[in-house]
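> One structure follows; several queries about it will come next.
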Amino acid sequence: MRGGEKLGIFAKKGYDYDSLAKKLSVLFSKKNSPNNFYLSLLQFFCDALGSQRGTLVLKEGERFIPRQSLKEENFSFRMEECIPFIEWLKKYKEPISRQQLLSEPKFATLKKMGLHFFIQFQAEICIPLFIEERLAGFITLSSKQEGKPYTEACRNLCNWIAVQVALSLQNTRMMDESRYHQVEVDAAKELKNQIISNLSHEFKTPLTGVIGFAELLAEEIDGPLNPEQKNHIERVLEGAQRLLKVLTALVDLAKLETGHLPLNVQQFHLEPLVASLSEELPFSSDTAFKVSLTGDTPRIYGDLTHVRQIFKQILDNAAKYTPQGFVEVTAGKKGEMLEVCVADSGIGIAEDKLGKIFENFYQVDGGLSRRFEGSGVGLTLSKKLVELHGGRLWVESAPGLGSRFFFTLPLKPIVIKHRELAA
Ligand code: ADP
């Protein structure tokens, strides 16, 4: 068949579907924002049919919302008055013009409610948009330039475009919804972090007072304590310090997620840092602590306070979950990073729990009867802190066979990427 013949069929009706199909595919292939896509779509309809103005209305939940208008600013409509017509459109499933409504006997019962609709939209034709048999919205077009009517050929063309558009519209809407969802998630995160920061601050001030006075009492500056009093005050101190640790971790996490945790990066050796920690770790007398870091272990770049925090958390856990055996720290150069391994011969972690231990507030043994104290925030914070330094934190473990926590820290100066982490 010659191209001219094919064109002829449509040319008779006044439309060149081939060239319109090409233009549509260009429109669909453009990476547009949803609003730009809707605008281009309206422009396409108006150009193809010679219409002056158009409006796109999409269904959102139970409502129909005007999403874009061409040459019609801030368009709104009274949906309640249009519901009967929209309900009818769901069944009719085809474009309908104002002229058809007024002149064809089959639309006699629809006339009054249909007119309400056409008047509100100042439209001459309404084209329903269906996605998988469901009415997803509609496009209305105003009168044509030169006031020509929307003939059957025009309505066929509208129908054809609407069918082509459906899939693309679905994709665009999904993009739109996920972006909208993301904005909501970001706002909720921001609010959560704000609440945590404010509450933690309110808790921290009195807590620091409790710790200070409990320390004074424990040091017997105000007079000697009997053994029972000593025991009690030590338990107050322990509890308050644990609470302070959790609060500090929560505040740091909130700061990290909102990109407000500044890093003071410098180059330093890990050996003295780990040595300074060993006194603070809760090792049982049956657990040996081995540190295989030397002066030859390359110096890393990082924030000393936060790198100390990472080591403290992972070593604290290793000590806590290793009632007997050993805990060992080793490190080796891997490309531009130093890979640190904290291995223990403790209780280990089941395979299905390995991914979860880095989630906020997750504890493998989280019931009320749990054997080990903890809050489940430590590893979440450590992982984010390592990532803030451009590194990775992961674990290999099996129940009864101990655990090996690995993390990498940079050997070269780093650029901090807060925003990526918060995502
Ligand atoms: P927690 O304060 O509860 O220790 P973390 O975030 O530090 O919180 O750890 C989360 C969970 O991971 C812990 O509750 C524990 O079940 C598990 N875990 C962490 N380190 C070890 C380890 N070295 N050996 C066994 N289990 C561990």
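No lab work stands behind these numbers, since they all come straight from the coordinates. From a predicted model like this one, the values you see are computed outputs, not experimental measurements. Counting neighbours? That spans all protein chains shown, and the Cβs are built from the backbone with ideal geometry, glycine included.
> Give me the percent relative contact order of the chain, please, defined on Cα pairs under 8 angstrom at least 6 residues apart.
Taking the mean separation of contacting Cα pairs over the length of the chain, I get 10 percent.
> Computed FRET efficiency, Cβ-Cβ of residue 189 and residue 104, R0 56 Å: what is it to the nearest 0.05?
With a Förster radius of 56 Å, E is 0.50.
> Report the calculated FRET efficiency for residue 216 and residue 119 (r = Cβ-Cβ distance, R0 = 60 Å), to the nearest 0.05.
Between residue 216 and residue 119 the formula returns 0.15.
> What fraction, in whole percent, of alpha-carbon pairs in the range 45-118 exceed 19 Å separation?
Result for the distance tail: 42 percent.
> Please find, in a Gaussian network model of the chain (springs between Cα atoms separated by less than 10 Å), the residue of 19, 51, 168 whose mean-square fluctuation is greatest.
19
> Check which residues have an amide H placed less than 5 Å from residue 338's amide H, if you skip close sequence neighbours.
Placed amide hydrogens put 409, 411 under 5 Å from residue 338.
> Taking the mean number of other Cβ atoms within 10 Å as a proxy for protection, how do you rank 337-347, 283-293, 126-136 from highest to lowest?
For the peptides 337-347, 283-293, 126-136, the packing ranking is 337-347, 126-136, 283-293.
> Would you pull out the residues with amide H under 5 Å of residue 136's amide H, same chain only if 5 or more places away, H placed 1.01 Å from N?
Excluding prolines and chain starts, which carry no amide H, the hits are 129, 130, 131.
> Relative to the longest principal Cα axis of the chain, at what angle does helix 304-320 sit, 0 to 90 degrees, rounded to 10?
It is inclined by approximately 70 degrees.
> Here is a further query. Going by alpha carbons, how many degrees (0 to 90, nearest 10) lie between the helix axis of 378-388 and the longest principal axis of the chain?
Tilt relative to the chain: about 70 degrees.
> Also, quick follow-up: Most fluctuating residue of 402, 137, 14 in a GNM of the chain with Cα springs under 10 Å: which is it?
14
> Once both labels are modelled 7 Å past Cα along the beta-carbon direction, what's the residue 16-residue 304 spacing in nm?
Taking the simple label geometry, residue 16 and residue 304 are separated by 7.5 nm.
> Only helical DSSP H runs with n ≥ 4 go in: add -39500 (n - 2.57) per run for the chain, normalise by residue count and round the 222 nm mean residue ellipticity to 500 deg cm²/dmol.
Helix-only estimate at 222 nm: -16500 deg cm²/dmol.
> Let me ask something additional. Could you give the length gained on full extension between residue 202 and residue 90, defined as 0.36 nm per residue of separation minus the Cα-Cα distance, in nm?
Contour length minus the Cα-Cα distance gives 34.7 nm.
> Work out the length of the dipole vector of the chain about its Cα centre, built from +1 on the beta-carbon of each Lys and Arg and -1 on the beta-carbon of each Asp and Glu, and round it to the nearest 20 debye.
Value, rounded to 20: 2540 debye.
> Then there is this: With a Förster radius of 22 Å, plug the Cβ-Cβ distance of residue 35 and residue 159 into 1/(1 + (r/R0)^6) and report the FRET value to the nearest 0.05.
The computed FRET efficiency comes out at 0.35.
> A follow-up question, please. Give me the one-decimal Kirkwood hydrodynamic radius in Å for the chain, with the sum taken over alpha-carbon pairs.
27.7
> Work out, in µm²/s and without decimals, the Stokes-Einstein translational diffusion coefficient of the range 106-239 at 25 °C, 0.890 mPa s, Rh from Kirkwood over C-alpha pairs.
110
> Sequence neighbours fewer than 8 away in the same chain don't count; with that in mind, list the lysines whose C-alpha is under 16 Å from residue 320.
Partners found: 245, 290, 312.
> I've got another one for you. For the chain, give the share of DSSP beta bridges that are antiparallel, in percent and rounded to the nearest 5; count only bridges with both residues there.
Percentage antiparallel, nearest 5: 90.
> If one takes the longest principal axis of the Cα atoms in the chain, at what angle in degrees, from 0 to 90 and to the nearest 10, does the Cα axis of helix 111-121 lie?
Long axis of 111-121 versus the principal axis of the chain: about 60 degrees.
> I'd like the Karplus ³J(HN,Hα) series for the range 122-130: coefficients 6.51, -1.76, 1.60, θ = phi - 60°, whole numbers in Hz, and an x wherever there's a Gly or Pro.
6, 10, 10, 8, 10, 10, x, 10, 10
> Given 269, 205, 162, which one lies farthest toward the positive end of the charge dipole of the chain, if we put +1 on the Cβ of every Lys and Arg and -1 on the Cβ of every Asp and Glu?
Checked the options; the winner is 162.
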